[in-house]
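The values are calculated or read from the model by the stated rules, or taken from the named source; none is laboratory data. The structure displayed is predicted, hence computed values, not measured ones. Note that each Cβ is placed from the backbone with ideal geometry, even for glycine, and that neighbours are counted across all protein chains shown. All accessible areas refer to the heavy atoms of the entire protein, side chains included, with ligands and DNA or RNA removed. Shrake-Rupley method; radii C 1.70, N 1.55, O 1.52, S 1.80 Å.
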Amino acid sequence: MPTSQAPDSEDQPVLPLLGDPARFAQGWPRTPYRRVGTAAPLRSVLSWSDLDDLVNRRTLQTPAFRMARNGSVLPIGTLTRAPHTTTQNVTGLADSAAILRELGEGATLILQGLNRSWSPIGALSRRLSSEIGHAVFVNAYLTPRATQGFGAHQDSQHAWLVQCQGSKTWQLWAPDDDPEHDPPDWTLQLDEGDVLWIPRGWWHSGSSGDRPSLHLTFAVWATTVQDVLKSLTSELAFEPALAEELPPRALHEAAAARSAVGETAVRLAELLARTDVPGLTQRLLTTHLQRFDPLPGPDLAGALGVDDPMLHAHPEAVLHTAVDGPQVRLRTADSEVVMTAEQAAACRTLLARTGGFRPDERDRHRLGDKLLGQLVDARLLCSGHHG
């Protein structure tokens, strides 16, 4: 049954609304699943009124939007204003009249990267990213009634689809199927508040019903084994042994070729065995953290010293913790805070607070003003609530 908790509650986890967290304890589900009504609280993060505000009263700019009809993406030039009609000849600004006209003619509007432009969705995205340990980006799809934006297609990321308004019927095919010739493995309808998990590589195609459909896609930008390999090969690229040539005529005859390749594979395995794993881990971690959106800055009034605002804790911004001897390092998307183990225990207590607060004398004694300032600079403590 749908939960009645507010979706923007700062201490409410997001993953249970999208699926059983136990499914994600050891890996990603490899087959689709649907949950009925569990995401009802998420519907309010993007309403018809919000969409109207985004399209008509804010200025969208490419690449934050695109449109599609019957499997084809519309030329972006037909949806944007000419530079001479914009202030200071800015390019890529949306022509809201053109967008609304295309919607009326059955085109689907896609709002891309809403986690960066719509704060309620940004807060949800950060919390979900923290819960699963991988970056999440969010797109919205507005499809007029009885139409289709895209035909059957595959995506390179896992994704949750949350139906916010109307309904949509989905057909899914396994990655090795041929949608042009094979019957779908799944046919299902998503109603308001329903969730569909689509693993990467699954073919899918959706069509709206007798009402316009609005759904959100929470896509997982996961760090992959291929990313590990890229970091590894980047390190090995400067290994002198890799610049050595194969012997003359090594590939001229089949038996000699197999021998040369086999010997080379053994040498590569020996190089891999000597890999600097801690160094490789740090390089991969840096790349991994760059995929996450940093927290917004503090409220302007606080930043400019106009008032003394209440602070809010953002534990979801801690994306990596490392114990390095007597020190504990907390990494966020764009900063690092170093403290002692005793301070780390006090920091965990402080970051667990909900609502607005001001650090008291006990906090200052256990953490010190310098570390408190670093937590504020890292925006783990922020005068802006930001969800």
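Modelled this way, with points 7 Å down the Cα-to-C-beta line, the labels at S47 and Q226 are 4.1 nm from one another.
For the pair H252 and Q26, what calculated FRET efficiency results from E = 1/(1 + (r/R0)^6), where r is the Cβ-Cβ distance and R0 = 56 Å, to the nearest 0.05? So, using R0 = 56 Å, E works out to roughly 0.70. The GNM of the chain, with springs linking C-alpha atoms under 10 angstrom apart, assigns the highest mean-square fluctuation among D177, D307, D53 to D307. Shape class of the chain from the alpha-carbon gyration tensor: oblate, with a/c at 1.5 or above and b/c at least as large as a/b. Over the residues of the chain, the helix contribution to mean residue ellipticity at 222 nm works out to -8500 deg cm²/dmol, using -39500 (n - 2.57) for each DSSP H run of at least 4.
Accessible surface computed residue by residue for the chain, with neighbouring protein chains in place and a 1.4 Å probe, gives 52 Å² per residue. Accessible surface of the chain, 1.4 Å probe: 53 percent of it comes from carbon and sulfur atoms. Calculated FRET efficiency, R274 to D210, Cβ-Cβ distance, R0 = 56 Å: about 0.30 to the nearest 0.05.
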